[in-house]
Amino acid sequence: MKGRIFTVAIDGPAASGKGTIARALAERFGLAHLDTGLLYRAVAARALAGEDPVTAAERLTEADLARPDLRSEAVGRRASEVAAIPAVRAALLDFQRRFARREGGAVLDGRDIGTVICPEAEVKLFVTAEDVIRARRRHEELRARGEEVSFEEVLADLRARDARDAARSAAPLRPAPDALLLDTSKLSIEAAVEAAAGHVEAKIGQGRG
Ligand code: DC
């Protein structure tokens, strides 16, 4: 899709499968991909080191996004907290908007892509799954990376994060009215990716017509 501006916005709660779907769509359709959760995680990592979160968001660099510790539970928890600060969100807005409308097309995954960052996105998906299933996925992921954490702890943490992300007044987690809802609770990764890709293809077809 060279020269074309085309945005796929993928939102949903933690461990819903949105990141996996976003990466697969980027590869299949040749789109640039931005995991916007990483921006908040990078701010959180700097905040955990003592920096003011708003200053951290304003001074974020490429190197911050490459830190190896961004996927930990502690950083994820803090990310959900700093993400509720309106000035943190405001500092990250322009970068995400520019990325979304770059030439050649982009897929962004997060919580507010279809509602706030890019309401004009040509394709919107809201990916969900039951919380117990999401906690199981996250638990396996953390254990595979060697983090010692119990399933109960992961589930409690995920529920707390869901509640905070959905209840905050600044860009709360909610589906855009024109988003396709995709529940991955009972879907394999392949089936979820196929469903999402089918939706993108249908929208591209509409754009051509
Ligand atoms: O997707 P994730 O778990 O990496 O995101 C970490 C936190 O960042 C999440 O709890 C909420 C916040 N976030 C957000 O508020 N808006 C986004 N677009 C992406 C993430």
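Residues in the stretch 1-57 that are open to solvent by less than 20 Å² (accessible area, probe 1.4 Å), away from the ligand (no atom under 12 Å from the Cβ) and either among the β-branched types (V, I, T) or free of Cβ contacts under 8 Å to residues at least 12 places away in the same chain (or both): 3 in all.
Please determine, by comparing only the residues of the stretch 154-195 that are of a type outside the set (A, V, I, L, M, F, W, C), part of a helix (DSSP H, G or I) and in contact (Cβ under 8 Å) with a residue 60 or more places away in the chain, which one is farthest from L92 (Cα to Cα).
By that ranking, first place goes to D157.
Here the condition is being over 16 Å from S16 (Cα atoms), open to solvent by 60 Å² or more (accessible area, probe 1.4 Å) and modelled with pLDDT of 90 or more; of E201, E140, E190, it holds for E201 alone. In the condition set (1) open to solvent by less than 70 Å² (accessible area, probe 1.4 Å); (2) part of a helix (DSSP H, G or I); (3) hydrophobic (A, V, I, L, M, F, W, C), L60 is compliant with all but (2). Among the conditions (1) over 15 Å from A32 (Cα atoms); (2) within 13 Å of the ligand (Cβ to nearest atom); (3) over 14 Å from the mean Cα position of the chain (by Cα), R71 misses just one, which is (3).
Scan the stretch 96-136 for residues that are open to solvent by 70 Å² or more (accessible area, probe 1.4 Å) and within 13 Å of the ligand (Cβ to nearest atom) and the total you get is 1.
The values are calculated or read from the model by the stated rules, or taken from the named source; none is laboratory data. Bear in mind the structure is a predicted one, so any value in this text is a computation, not a measurement. Cβ: placed from backbone, ideal geometry, glycine included. Neighbour counts: every protein chain shown. Areas reflect the complete protein model, heavy atoms only, side chains present, ligands, DNA and RNA absent. Shrake-Rupley method; radii C 1.70, N 1.55, O 1.52, S 1.80 Å.
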